[in-house]
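Chemist: Below you will find the structure I want to go over with you.
What follows draws every value from the coordinates through simple rules; no lab data is involved. Computed from a predicted model, the values in this text were never measured in an experiment. Reconstructed Cβ throughout: ideal geometry from the backbone, glycine too, with neighbour counts over all protein chains shown.
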Amino acid sequence: METVTVTLKINNETTTLQVKPNETLLETLRERLDLTGAKESCGMGACGACTVEVNGMPLRSCIALTAEMDGAEINTIEGLGEEKKLHPLQESFMEEGAVQCGFCTSGMIMTAKTLLDRNAAPTKEEIIKALSSNVCRCTGYKKIVTAVEQAATK
Ligand code: FES
Ligand code: FES
């Protein structure tokens, strides 16, 4: 199969890759770049576990083709905070107990990050709407919404 050359800025580092036309962004991140924070759950764009930020918006990386991403700026959970200085969302998710199994967490946080970047003081309804298509099987969502509200105050 022919390959396509793409240059991506991922977590502020520019990288050029040869990718197959059918390679998903999730495969590129997890299998080629060892960025395993984004998770594969449904694999069909329905659950949000694979969400990363692309050009300022949340994107389900399991149904996005890397070959179509040339020039994109991509942020993943790995680029969000540092071990000694977490992002406010990471802090709040821990403080509020919004992480249980953790499978949905990076997608939730990346979705919430793009919301807070666009709207620094969202209402609870705006948070619920922004996260409405990210699925969590563990927390019941209340703690996640509270964590985003708390992060917005930091
Ligand atoms: S794994 Fe991508 S949306 Fe579910
Ligand atoms: S913490 Fe387990 S799926 Fe959300």
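Chemist: Could you give me the ³J(HN,Hα) list for the range 102-108, computed from phi with Karplus coefficients 6.51, -1.76, 1.60 and θ = phi - 60°, whole Hz, x at Gly and Pro?
Modeler: Each residue's phi maps through the Karplus curve to give x, 5, 8, 5, 5, x, 4 Hz.
Chemist: How much length, in nm to one decimal, is gained on full extension between LYS9 and LYS84, taken as 0.36 nm per residue of separation minus their Cα-Cα distance?
Modeler: Values: separation 75, 0.36 × 75 = 27.00 nm, distance 2.38 nm.
Here the segment from LYS9 to LYS84 would lengthen by 24.6 nm.
Chemist: Further, regarding this structure: For the range 88-148 and the range 3-40, compute the distance between their C-alpha centroids and round to whole Å.
Modeler: Each part reduced to its Cα centre gives a spacing of 25 Å.
Chemist: Next question. Applying 1/(1 + (r/R0)^6) with R0 = 25 Å to the Cβ-Cβ distance of GLN18 and ILE63, what FRET efficiency is obtained, to the nearest 0.05? Working shown, then result.
Modeler: Values: r = 21 Å, r/R0 = 0.85.
Here the calculated transfer efficiency is 0.75.
Chemist: Calculate the FRET efficiency for CYS42 and ALA121 from the Cβ-Cβ distance with a Förster distance of 41 Å, rounded to the nearest 0.05. The partial results should precede the final answer.
Modeler: Details: r = 32 Å, r/R0 = 0.77.
Calculated value: 0.80.
Chemist: What FRET efficiency would be calculated for the residue pair ASP70, LYS129, taking the C-beta separation as r and a Förster radius of 22 Å, to the nearest 0.05?
Modeler: On the way: r = 31 Å, r/R0 = 1.42.
About 0.10, to the nearest 0.05.
Chemist: So who's got an amide H within less than 5 Å of the one on GLY81, skipping anything under 5 residues away but keeping other chains? H placed 1.01 Å off N, in plane.
Modeler: Here the answer is HIS87, since their amide H atoms fall under 5 Å of that of GLY81.
Chemist: Under the Karplus relation 6.51 cos²θ - 1.76 cosθ + 1.60, θ = phi - 60°, what is the ordered set of whole-Hz ³J(HN,Hα) values for the range 87-99, x standing for Gly and Pro?
Modeler: Values per residue, Gly and Pro as x: 5, x, 5, 5, 4, 5, 4, 5, 4, 8, x, 8, 10 Hz.
Chemist: Another question, if that's okay. Apply the Karplus parameterisation 6.51 cos²θ - 1.76 cosθ + 1.60, with θ equal to phi minus 60°, to every residue of the range 49-63 and state each ³J(HN,Hα) to the nearest whole Hz, in sequence, with x for glycine and proline.
Modeler: These are the phi-based 3J(HN,Hα) values: 4, 9, 5, 10, 9, 10, 6, x, 10, x, 9, 7, 6, 6, 10 Hz.
Chemist: Where a Cα-Cα gap under 26 Å defines reach, which lysines qualify for LYS113, not counting those fewer than 8 residues away within the same chain?
Modeler: LYS9, LYS39, LYS84, LYS85, LYS124, LYS129, LYS142, LYS143, LYS154
Chemist: Between THR51 and residues 5 or more places away or on another chain, which pairs have amide H atoms under 5 Å apart, with H built 1.01 Å from N, and which residues are they?
Modeler: Amide H neighbours of THR51, under 5 Å, 5+ apart: LYS39, SER61, GLY107.
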